[in-house]
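So the structure is just underneath, and the comments pick up after that.
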Amino acid sequence: MKEYHYTGPVEHKFSPYTFNGGTVLAVAGEDFAIVASDTRLSEGYSIHSRDSPKCYKLTNTTVIGCSGFHGDCLTLTKIIDARLQMYEHSNNKKMNSGAIAAMLSTILYGRRFFPYYVYNIIGGLDEEGKGAVYSFDPVGSYQRDTYKAGGSASAMLQPLLDNQIGFKNMEGVQHVPLSREKAVQLVKDVFISAAERDVYTGDALKICIITKDGIEEQSLPLRKD
């Protein structure tokens, strides 16, 4: 007869969150903004989709990049879309990027006791037509930046952006304004580098370039392993 050894109570854990990887990046220029993301949707060592970009168009001058838990990304972007439509019907005009950032902050803070597991970066044009980037934490704290990376490869991308755009801790370097062409090439380069080192980033790169004429989209294949 088998002997059963009772080892004590067993705890069964459930988490409402999961991390689906992915990286988002935004850069602001004099008269443009760029929001970019990879298209890999993964969980652990499984790839669920190779075509799941994390850039969502909100208006003709604003794009949001969301990474983290994909379910919360979808829920949050639907709520933002609904709020934007309500604002447009009430005020007969579209929200600008700064107002969208302030609204998103209140939405996230309203869920602070059960937060959306999402790292948000908004890129767009401000009221003067200049590029603006707003970065958020999951509970609504935000600030305006010139460039910002978020998601699984952010620790690799941010130092490179600090060096190439922010000229941090560099002496005798001429601070030249960032051109649109250089910014696009830099975004491509940093994502190619990130895909080499981060297992959650890869497959393809989607770039949204925001100017006063609208939003132009570009894509670039990344490594798929």
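The values are calculated or read from the model by the stated rules, or taken from the named source; none is laboratory data. Source: prediction; values computed, not measured. Virtual Cβ from ideal backbone geometry, glycine too; neighbours counted across all protein chains shown. Keep in mind that these areas ignore ligands, DNA and RNA; they rest on the heavy atoms of the full protein, side chains included. Shrake-Rupley method; radii C 1.70, N 1.55, O 1.52, S 1.80 Å.
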Original post:
So which residues in the stretch 1-34 are open to solvent by 60 Å² or more (accessible area, probe 1.4 Å), among the hydrophobic types (A, V, I, L, M, F, W, C) and touching a residue at least 24 places away in the same chain (Cβ under 8 Å), if there are any at all?
Top reply: PHE19
**OP:** Please report, ordered by residue number, the strands (runs of 3 or more DSSP E) entirely within the stretch 104-184 with at least 3 residues that are open to solvent by 80 Å² or more (accessible area, probe 1.4 Å) and of a type outside the set (Val, Ile, Thr).
**Re:** 142-145
Subject >> Residue within the stretch 199-215 that is open to solvent by 50 Å² or more (accessible area, probe 1.4 Å), among the acidic types (Asp, Glu) and closer than 20 Å to ALA132 by Cβ present >> reply: yes
Original post:
Quick check: is even one residue across the stretch 210-224 at pLDDT below 95 and part of a helix (DSSP H, G or I)?
Top reply: no
Original post:
Among (1) out of contact with any strand residue (DSSP E or B) (no Cβ under 6 Å at 6 or more places or on another chain); (2) in contact (Cβ under 8 Å) with a residue 12 or more places away in the chain; (3) among the small types (Gly, Ala, Ser), where does ALA155 come up short?
Top reply: (2)
Original post:
Would it be correct to say that GLU128 is free of Cβ contacts under 8 Å to residues at least 24 places away in the same chain, over 26 Å from ALA183 (Cα atoms) and of a type outside the set (Phe, Trp, Tyr)?
Top reply: no
